[in-house]
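The structure appears right after this line, and notes come after that.
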């Protein structure tokens, strides 16, 4: 029977923008590696596929009101690897603001030291303020970032394959440490990149990290169809998720790839209570801890419009909202537009809606209800699994692991223990064949 | 009483180029993180100051004959951090082939997750083949690399200071997570770099990682005098080491800095036996496991001259050897010239001399003799401590920790336990003051 894939998406404090203010959160531990190691151990005890960290090379918003600094994923995941043994480790890294040789080394090393648990969330970096941290006058436009990203993936793939699987010999008697005829320069010369290679590390347990992609714009979907093995996505409704799922799987097929080997994993931020009223009260409690100054800035970033100064309890002024089609916005823009069209919210309602998980699916209910919704999306052609985004940590994840996961297991939808030891094995993905001489 | 600082310099297999062929080595574990974690734990049990990894963004030599692939230091040290609690973690990273914003994040994160144990060995990258992995036609010349390196250190220092120490507030009641008036852009615009900042991570336990430098060319010494807090160096004789020590401390003073706050740490590769004859036999055993094809390539890299085809048991042909002064060679070139002038070796003798530790001080003796030589250099104005470079691992380190360290302790030269918990504390260095508003 087809099984869910479940990742724990970790944000310091939790995904709700006011998470750190919740009495169940541990905001004094947001820089404490043991807090994250314990979360990963908890997720591993629940047989989750992976933990996942988002990232970007700039300060992403106003940290006055929210725990929105950045943990550096390579170092953080390496320290988590050392405290776990099975769970996958997915880190975000930018094709726009890193050198492919450096990125290839970091992931190869993470894959080696974790015994084959690395995953790469491939991003082109959406935040325009990153450019000024890298000597650029402006952030490269969407299309140019994606052009470089395609080439970047080609280059790092070739670097990860530059040592054949059996290049490492280690025969003290003959004195051959490695068979250098099985280590190849890549000699890449392209539009954006020139890299000779080879990599300076033997091929890794997984061959390559799992390729993950997370943008749903047309460029993003085309990129995912060509390269991704898992796609992280954000949808507010079953219908939207189904449409995306069908579109993406079709695109994958059009690329000549097997749609079953590309996992579509929407985000879900579940507020869980022993009754539905209790779950809704938790969500309300968090929403009421938000700070409008911050929420308005977040909305400004997503929508490109500053609504501060307007009556928060009045309707979102439709004439100020862009009508879509602005290509460079990325996919989250469309999600926000969808909420406005569908729900006609007040500004405050919209702010609360987005406070939960920045445009991801926020839902509240009993463990049975949450499990039911997950099953509905999973069996209804909307998802192969989920990025679980607890509204606050660690309690918001504990209740998911303790209460929702057992229901999913009883319904035969989720593993009780790991069958394999690498992230590729958890996701049911093949190990990419290496080069041969 | 003044105390030695001791680092364990870790190379896969060991420092001798034939280490991996020695029966006491564990070459099948060179990609196994637990091997390195156990080494670090062993060094921590001996109250060593730090473990240290060299690095470069290219394949550094012919891996056919030696374990000369590269472990990526940030990931590797993060996983080691998770398995230790006190020992310092020094990683090499390049100012030529990394972006300052990325490097600043990686070290800040390593310092956070290790509780203040990070050290940065600042290199400009000597290996010319690195250039082709980064889209460059040629490796920037020595002087240009150093010009960028000075500016690079300014930039990352400013990034590490861009959050004031008390910028993180985390007050759930008032809703203030961080005091944004205490987080400052750096607005750097210079010859080689433009970086706006701020960093996206709070200031770290040590404020900044310990700054380490390892080149002894005139440019390198000037750089060390200005920036370094520890200097890794290579000398063959007490006299050379004394001359370097005096020169460097004088340069530090000329920069207006306190010479006591710059630790000079030569490399020492000790072959240890219960008798001197046994120690020499170990060294000979390793030397005899070398492979001349490889050793000649290494010599070619250090000296710029290919001596293959010559009689290995004939003298080094003096007319082929450059006469020095070639500025772009770096400091190891001078060390090799010194050996040739002083010892007039055969080619094979020279190859064996360099096989031990690539130009670092190779010595053989009983634990008493090794401890005596260390004491002589330490008290004789040649060293503040050492980078211990075991000829093979792990046994070559075990005997140092078990036999030499206790003698150093009996003589009052080395701590029996840690007094502090950060690398700065181990080295007796102050925590750099942060910015204030």
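Nothing in this text is a laboratory measurement; each read-out follows from the coordinates by a stated rule. Everything numeric here is computed off the predicted structure, so don't read it as measured data. Quick reminder, even Gly has a Cβ in these numbers, built from the backbone with ideal geometry, and neighbours come from all protein chains shown.
With neighbour counts taken as other beta-carbon atoms within 10 Å, the residues A:186, B:80 rank, fewest first, as A:186, B:80. For residue A:318, inter-copy separations between label points set 7 Å beyond Cα along the Cβ vector come to 9.5 nm, shortest first.
Using a Förster distance of 60 angstrom, determine the FRET efficiency expected from the C-beta separation of residue B:165 and residue B:313, and round it to 0.05.
Working: r = 63 Å, r/R0 = 1.04.
After rounding, the FRET efficiency stands at 0.45.
Rg and Dmax, both from the Cα atoms of chain A and both in Å, are 21.8, 80.
Can you give the relative contact order of chain A as a percent, counting alpha carbon pairs under 8 Å and 6+ residues apart?
Values: 826 pairs, mean separation 104.5, N = 437.
RCO, chain A: 24 percent.
How much of the DSSP beta bridge set in the protein assembly as shown is antiparallel, as a percent to the nearest 5?
Values: 16 of 84 bridges.
Roughly 20 percent of the DSSP beta bridges within the protein assembly as shown come out antiparallel.
The other copies place their residue A:416 label points at 5.5 nm from this one, listed shortest first, where each point is 7 Å from Cα along Cα→Cβ.
How high is the relative contact order of region B:199-326, given as a whole-number percent (alpha carbon pairs under 8 Å, six or more residues apart)? The value is 15 percent.
What Kirkwood radius, in Å to one decimal, follows from the Cα pairs of region A:78-130?
Numbers: mean 1/r = 0.0842 Å⁻¹.
Final number for the Kirkwood radius of region A:78-130 is 11.9 Å.
Residue A:255 label point (Cα plus 7 Å toward Cβ) to equivalent points in the other copies: 4.9 nm, shortest first. Once you have a ≥ b ≥ c as the square roots of the Cα gyration tensor eigenvalues for region B:171-323, tell me rounded if a/c is under 1.5, and otherwise prolate or oblate according to whether a/b is larger than b/c. Note, shape of region B:171-323 comes out prolate.
For the peptide B:196-205, the mean number of other protein chain Cβ atoms found within 10 angstrom of a residue's Cβ is 5.
Can you tell me, using C-alpha contacts under 8 Å and at least 6 residues apart, the relative contact order of region B:23-143 as a whole percent?
With pairs under 8 Å counted, the relative contact order is 25 percent.
Mind checking the log10 I(q)/I(0) for region A:218-279 at q = 0.14 Å⁻¹? Debye, one equal scatterer per Cα, no solvent, two decimals. Ignoring solvent entirely, the Cα scatterers give -0.46.
With R₀ set to 45 Å, the beta-carbon distance separating residue B:409 from residue A:410 gives a calculated FRET efficiency near 0.15.
For residue A:260 and residue A:341 in one chain, what is 0.36 nm times their gap in residues minus the Cα-Cα distance, to one decimal in nm? Write down the numbers at each step before the final one.
Numbers: separation 81, 0.36 × 81 = 29.16 nm, distance 3.31 nm.
Contour length minus the Cα-Cα distance gives 25.8 nm.
For chain B, with a Gaussian network of springs between Cα atoms less than 10 Å apart, report the residue from B:140, B:12, B:23 with the top mean-square fluctuation. In this elastic network of chain B, the residue with the biggest mean-square fluctuation among B:140, B:12, B:23 is B:23. Quick one: helix B:142-160 against the long Cα principal axis of chain B, what's the angle to the nearest 10°, folded into 0 to 90? Roughly 40 degrees, rounded to the nearest 10. The mean number of Cβ atoms from other chains found within 10 Å of a Cβ in peptide B:81-87 is 3, as a whole number. Compared with the dominant Cα axis of chain A, that is its longest principal axis, helix A:238-254 is turned about 20°. Ordering A:163, B:76 from the fewest to the most neighbouring beta carbons within 10 Å gives B:76, A:163.
Of the DSSP beta bridges with both residues in chain B, give the percent that are antiparallel, rounding to the nearest 5.
If we restrict to bridges inside chain B, about 20 percent are antiparallel.
Fewest neighbouring Cβ atoms within 10 Å first, the residues B:153, A:388, A:156 line up as B:153, A:388, A:156. Report summary: the helix-based calculation at 222 nm, which adds -39500 (n - 2.57) for every DSSP H run with n ≥ 4 and divides by the residues of the protein assembly as shown, gives -11000 deg cm²/dmol.
Axis of helix B:218-227 versus longest Cα principal axis of chain B: the two differ by about 40°, to the nearest ten degrees. Simple spin-label estimate for residue B:373 and residue B:323 gives 3.3 nm between the two label positions (7 Å along the Cα-to-Cβ direction from each Cα).
Inter-chain Cβ neighbour count for B:102-113, averaged per residue, equals 6 (cutoff 10 Å, partner chain atoms only).
With the Cα gyration tensor of region B:1-140 giving a ≥ b ≥ c as the square roots of its eigenvalues, does the rule (a/c under 1.5 for rounded; else a/b larger than b/c for prolate; else oblate) give rounded, prolate or oblate?
Values: a/c = 1.91, a/b = 1.15, b/c = 1.65.
Cα axes put region B:1-140 in the oblate bin.
Over every pair of different alpha-carbon atoms in the protein assembly as shown, take the mean of 1/r and invert it; report that Kirkwood radius in Å. Walk me through the intermediate numbers first.
Working: mean 1/r = 0.0350 Å⁻¹.
Averaging 1/r across every pair of different Cα atoms and inverting gives 28.5 Å.
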